[in-house]
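The values are calculated or read from the model by the stated rules, or taken from the named source; none is laboratory data. Model, not experiment: these values are computed from the prediction. Here the Cβ is made from the backbone with ideal geometry for all residues, glycine too, and neighbour counts use every protein chain on show.
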Amino acid sequence: MTTILNTLEAPPRYIPNDPRPSLIGMTRDALADALAKAGVPEKQRRMRAGQIWHWIYHRGVQSFAEMSNIAKELRQRLDEEFVIGRPEIVTEQVSNDGTRKWLLKLAPDERGARHEVEMVYIPEADRGTLCISSQVGCTLTCTFCHTGTQKLVRNLTANEIVAQVMTARDGVKDWPSDIEANPTPPLGGRYITNVVLMGMGEPLYNFDNVKDAMEIVSDGEGISLSKRRITLSTSGVVPEIPRAGAEIGTMLAISLHGTTDEIRDKLVPLNKKYPIKELLAACRKYPGLSNARRITFEYVMLKGVNDSPEDAKRLVKLLAGIPAKINLIPFNPWPGTQYECSDWDTIERFAEIVNKAGYASPVRTPRGRDIMAACGQLKSESQKIRAKERLALEAH
């Protein structure tokens with residue numbers, strides 16, 4: 001039975017229209033600079049930054065008052081200057097399969113608008129995967145994707161990306177201080193073991209904020225998720241793919257979905273700018289690519305569109321020489337879509353061809369369909385702003 005929790009109480013440190021900047025999402029250097037502006041002496045900044053980093057990202061505190069190894073006077077000063085709270089949770093939905101979806105309302109932007117974004121947590125026997133967003137809406141218009149029907153509103157900041165991970169850890173009680181609530185946590189002591197940038201938005205069109213956020217999420221003295229447990233999914237922003245490998249260093253997933261430019265042009269319009277040949281050439285140059293660091297190719301199964309045996313054979317030829325895993329994704333329907341999911345026999349026949357060619361090709365079990373939390377179903381009600389306004393805000 002699906003559970004929907006509406007109008008949840010806001011986290012204790014959430015204050016609407018709070019003018020104070022958040023320390024969450026700041027790099028270590030930026031955090032030290034912020035402490036300088038707060039009057040922390042230069043000789044103390046590195047130590048204090050390390051202490052605050054530990055409390056925020058390792059302990060998950062939401063109040064400076066909880067930072068017991070920092071002098072009370074400094075805690076009060078920090079509380080006057082900064083916040084370390086979370087986004088407002090508008091709704092939390094729990095699927096009948098245990099999947100959770102949160103709708104988060106962000107702090108007001110420069111125009112005073114409060115936009116919304118969705119994220120999803122998928123618990124499994126051997127892992128817990130958190131799917132987070134990098135943009136409000138999406139700059140792309142992939143025709144099979146519900147998110148693609150919501151035009152880009154704006155990029156998320158590093159703060160808003162990292163805060164999703166922290167809010168989810170609050171929700172599933174995944175901080176060290178939660179051990180009493182969860183005395184026998186699964187998965188080696190962690191509920192959230194993997195993070196995937198597969199929610200709303202194209203991560204490589206928000207490169208710098210995603211980079212800073214993933215540095216924080218993977219920092220060994222904080223949230224401490226290995227970059228091999230973080231996957232960045234792109235629809236194929238070819239110029240940024242090698243750079244992502246060199247500067248972000250996470251695992252890579254490619255939303256492929258078609259084996260000819262004719263089909264992919266319709267499904268993923270970005271293909272008209274960066275066709276399949278250029279995309280796969282960039283994948284072959286991905287830094288660190290090996291059998292241990294394979295690229296995942298995501299392939300949504302659409303009835304009568306891209307699911308023939310000929311498509312499977314072309315897919316195998318296209319990926320020749322690339323250490324790869326192929327995720328076959330049964331299409332998750334959404335209101336107004338023109339597509340249907342491939343028949344199960346068709347999916348199995350497709351998978352068999354790919355498997356015989358030597359590629360791991362698991363068929364992803366749909367999760368959270370009953371709460372519109374499955375792959376390609378995320379969307380919020382935030383409205384698009386004009387391009388000139390968005391560019392002016394980002395420049396500001």
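Side notes on the structure shown:
- Filter pass, E110 being part of a loop (DSSP other than H, G, I, E, B) and touching a Leu at 6+ places or on another chain (Cβ under 6 Å): yes
- Test: residue in the stretch 90-99 that is closer than 29 Å to M198 by Cα, modelled with pLDDT of 95 or more, more than 19 Å from the chain's Cα centre (by Cα) and surrounded by 19 or more Cβ atoms within 10 Å (Cβ to Cβ): no
Residues checked against (1) among the aliphatic types (A, V, I, L, M); (2) assigned to a loop (DSSP other than H, G, I, E, B); (3) not assigned by TED's automatic domain parsing to the domain that holds Y274:
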position	(1), (2), (3)
I161	yes, no, no
V165	yes, no, no
I179	yes, no, no
T184	no, yes, no
L204	yes, no, no
K211	no, no, no
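- Index of the failed condition, R46 passing every other in (1) at pLDDT below 95; (2) under 26 Å from the mean Cα position of the chain (by Cα); (3) not in a loop (DSSP other than H, G, I, E, B): (2)
- Residue list for the stretch 34-56, filter: without any contact (Cβ under 8 Å) to a residue 12 or more places away in the chain and in contact with a Lys or Arg (Cβ under 7 Å, 6 or more places away or on another chain): A36
- Unmet requirement for D178, which otherwise passes all of (1) buried (at least 23 other Cβ atoms within 10 Å of the Cβ); (2) more than 23 Å from A292 (Cβ to Cβ): (1)
- Verdict on D126 being more than 30 Å from E340 (Cα to Cα), part of a loop (DSSP other than H, G, I, E, B) and at pLDDT below 95: yes
- L152 touching an Asp or Glu at 6+ places or on another chain (Cβ under 6 Å), at pLDDT 85 or above and either in the same structural domain as W334 (by TED's automatic domain parsing) or more than 30 Å from V300 (Cα to Cα) (or both): no
- Sub-7 Å Cβ pairs linking a first residue in the stretch 211-233 that is under 23 Å from S255 (Cβ atoms) and basic (K, R) to a second residue that is surrounded by fewer than 18 Cβ atoms within 10 Å (Cβ to Cβ) and modelled with pLDDT of 95 or more, at least 6 apart or interchain, are K211/E247, ordered by first then second residue.
- Among (1) acidic (D, E); (2) assigned by TED's automatic domain parsing to the domain that holds L232; (3) in contact with a Phe, Trp or Tyr (Cβ under 8 Å, 6 or more places away or on another chain); (4) more than 21 Å from N206 (Cβ to Cβ), the one test that D126 misses: (3)
- Number of positions in the stretch 142-159 that are of a type in the set (A, V, I, L, M) and not in a loop (DSSP other than H, G, I, E, B): 1
- Taken together, E160, E240, E180 contain a single residue that is without any contact (Cβ under 8 Å) to a residue 60 or more places away in the chain, acidic (D, E) and closer than 23 Å to R100 by Cβ, which is E180.
Here's the yes/no breakdown for (1) hydroxyl-bearing (S, T, Y); (2) at pLDDT below 95; (3) surrounded by 16 or more Cβ atoms within 10 Å (Cβ to Cβ):
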| site | (1), (2), (3) |
| --- | --- |
| R190 | no, yes, yes |
| E202 | no, no, yes |
| D208 | no, no, no |
| K211 | no, no, yes |
| I230 | no, no, yes |
